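The values are calculated or read from the model by the stated rules, or taken from the named source; none is laboratory data. Keep in mind that this is a model prediction, so the values were computed, not measured. Using ideal geometry, Cβ is built from the backbone for each residue, glycine included, and neighbour counts are taken over all protein chains shown. Quick note on the areas: whole protein, heavy atoms, side chains included, nothing else; ligands and nucleic acids left out. Shrake-Rupley method; radii C 1.70, N 1.55, O 1.52, S 1.80 Å.
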Amino acid sequence: MATQWIGSPNRDKGREGYKPEAIVIHIMEGTLKGTDAWFRNEESGVSAHYGIGKAGEIHQYVGESDTAWHAGRMVAPTWRLLKPDVNPNWYTIGLEHEGRANEPWPDAMYDASAKLIDEICRRWSIPCDRDHIIGHREIRSDKTCPGFKVDLDQLIDMVKEIQQDSATFNFVKKPGIVKTRVDMNIRGQAPTTTVPVVRTIRRGKKLQYQGWTSNGLTVNGNAHWYKDSDDNYFWAGATERPIPGL
Ligand SMILES: [Zn+2]
């Protein structure tokens, strides 16, 4: 489903030198429509990067490179990776979800959230685990947000499934040979470091590939991965042709 841009005046340009390192899950305590109006209202003084509706709609209020105002207050935080004395808004992406704390999440909202989290994780090289996908109350313990119905472990498992499904990744079929620039790991069946290493190839070796994807896990700003004849992947940045086709 396409993302619909809504926008919000409640944001700061840039991130004070930080980049997104984690995703904060919120519950709206209301509707998607109400949240659109609330985030567009300067008086509210709050926003998030995205809002996800019960039917799987995705609305965007703030660009991912900019700071949204969703988790700026720290109250007895329990999050392991919290940086003391740094505004959490500078290094997190905020995802709002339609509904209330005690309402079960519909499958469509779970699915849309997992898909969006997968894309954000690949764009910003965010590991998909419980340290990096957190609930708002882990930063602000005087709130119940995101409620008691969402199972973050289940959400993370769904994201991992997407990340290991070959249909997630585009594919340019164009066989060739490339030389490794450093010792390099071949990854099993998916272009990401979250799947096991099949074998390690020494630097200076020539490898055959059947093509490549341009939307694998982003490593050092490069999301291109070559696919070998066994349908395994290796990161193009570890080769002498880091951007395939050039
Ligand atoms: Zn919240």
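Using Cα-only point scatterers and the Debye equation, what is log10 of I(q)/I(0) for segment 83-229 at each q in 0.10, 0.17, 0.20 Å⁻¹, rounded to two decimals?
-0.45, -1.00, -1.24
Take every Cα-Cα distance within segment 168-238, group them into 10 Å bins from 0 onward, and report for each bin the whole-number percent of pairs it holds.
23, 61, 15, 0
Would you kindly state how much longer the chain becomes between residue 202 and residue 215 on full extension, computed as 0.36 nm times their sequence separation minus their alpha carbon distance, in nm to one decimal?
Going from the current span to full extension adds 2.2 nm.
Using helices alone, what [θ] at 222 nm do you get for the chain, with -39,500 (n - 2.57) per DSSP H run of 4 or more residues, divided over all residues and rounded to the nearest 500?
Details: 3 runs with 39 residues, N = 246.
After summing the helix terms and dividing by the residues of the chain, the value is -5000 deg cm²/dmol.
Using +1 at the Cβ of each Lys and Arg and -1 at the Cβ of each Asp and Glu in segment 117-246, identify which of 141, 216, 229 lies farthest towards the dipole's positive end.
229
Just want to confirm a number: the relative contact order over segment 15-130, from Cα pairs under 8 angstrom separated by 6+ residues, in percent.
39 percent
Residue separation times 0.36 nm, minus the C-alpha to C-alpha distance between residue 153 and residue 111: what's the value? Show your work: numbers first, answer last.
Details: separation 42, 0.36 × 42 = 15.12 nm, distance 1.37 nm.
Going from the current span to full extension adds 13.7 nm.
Compute the length gained on full extension between residue 41 and residue 193: take 0.36 nm times their separation in residues and subtract their Cα-Cα distance, giving the result in nm to one decimal.
50.6 nm
For residue 205, which aspartates and glutamates qualify as cross-link partners when the Cα separation must be under 13 Å and same-chain residues fewer than eight apart are set aside?
Residue 205 reaches 183, 240.
Net charge near residue 212, counting Lys/Arg +1 and Asp/Glu -1 over other residues with Cβ under 10 Å of its Cβ?
Details: positive: 173, 174, 227, 241; negative: none.
Computed value for this residue: +4.
Taking 8 Å as the Cα distance limit and 6 or more residues as the minimum spacing, I'd like the relative contact order of the chain as a percentage.
Averaging sequence separation for qualifying contacts and normalising by length gives 17 percent for the chain.
Run the quick spin-label model on residue 31 and residue 167: label points 7 Å from Cα toward the beta carbon, then report their separation in nm to one decimal.
3.3 nm
Using the Karplus equation 6.51 cos²θ - 1.76 cosθ + 1.60 (θ = phi - 60°), what ³J(HN,Hα) coupling, rounded to whole Hz, does each residue of segment 190-200 give in order, writing x for Gly and Pro?
For segment 190-200, the Karplus curve yields 8, x, 7, 7, 7, 9, x, 6, 7, 7, 10 Hz.
Run the reach check for residue 19 against lysines, Cα to Cα strictly under 30 Å, same-chain hits fewer than 8 apart removed. What comes back?
Correct list for residue 19: 33, 54, 83, 115, 143, 149, 160, 227.
Expressed as a whole number of Å, what is the distance separating the alpha-carbon centroids of segment 147-200 and segment 1-64?
Going from one Cα centre to the other spans 28 Å.
Kirkwood hydrodynamic radius, the chain, all distinct C-alpha pairs: what's the number in Å?
Mean inverse Cα-Cα distance, inverted, gives 19.2 Å.
Local charge sum around residue 142 (other residues, Cβ-Cβ under 15 Å, Lys/Arg +1, Asp/Glu -1)?
So the environment of residue 142 carries a net charge of +2.
Roughly what % antiparallel, to the nearest 5, for the DSSP beta bridges in segment 3-163? Write out the running numbers ahead of the final one.
Numbers: 6 of 20 bridges.
Rounded to the nearest five, the antiparallel share is 30 percent.
Convert each backbone phi in segment 62-77 into a coupling constant with the Karplus relation 6.51 cos²θ - 1.76 cosθ + 1.60 (shift: θ = phi - 60°), then list the ³J(HN,Hα) values in order as whole Hz, x for Gly and Pro.
9, x, 5, 7, 9, 8, 8, 9, 10, 8, x, 9, 9, 10, 6, x
Rounded to a whole number, what % of the accessible area of segment 73-128 do carbon and sulfur atoms account for, probe 1.4 Å?
Taking all protein chains in place, segment 73-128 shows 51 percent carbon and sulfur surface.
Using only the Cα atoms of segment 1-123, build the gyration tensor, take square roots of its eigenvalues as a ≥ b ≥ c, and label the shape rounded, prolate or oblate: rounded if a/c is under 1.5, else prolate if a/b is larger than b/c, else oblate.
Cα axes put segment 1-123 in the rounded bin.
What net charge do the residues around residue 201 carry, taking every other residue with its C-beta under 14 Å from that of residue 201, with Lys and Arg at +1 and Asp and Glu at -1?
+4
Which whole-number value in Å² is the accessible area per residue of the chain, probe 1.4 Å? List each step's numbers first, then the result.
Working: 12040 Å² over 246 residues.
Result: 49 Å² of accessible area for each residue.
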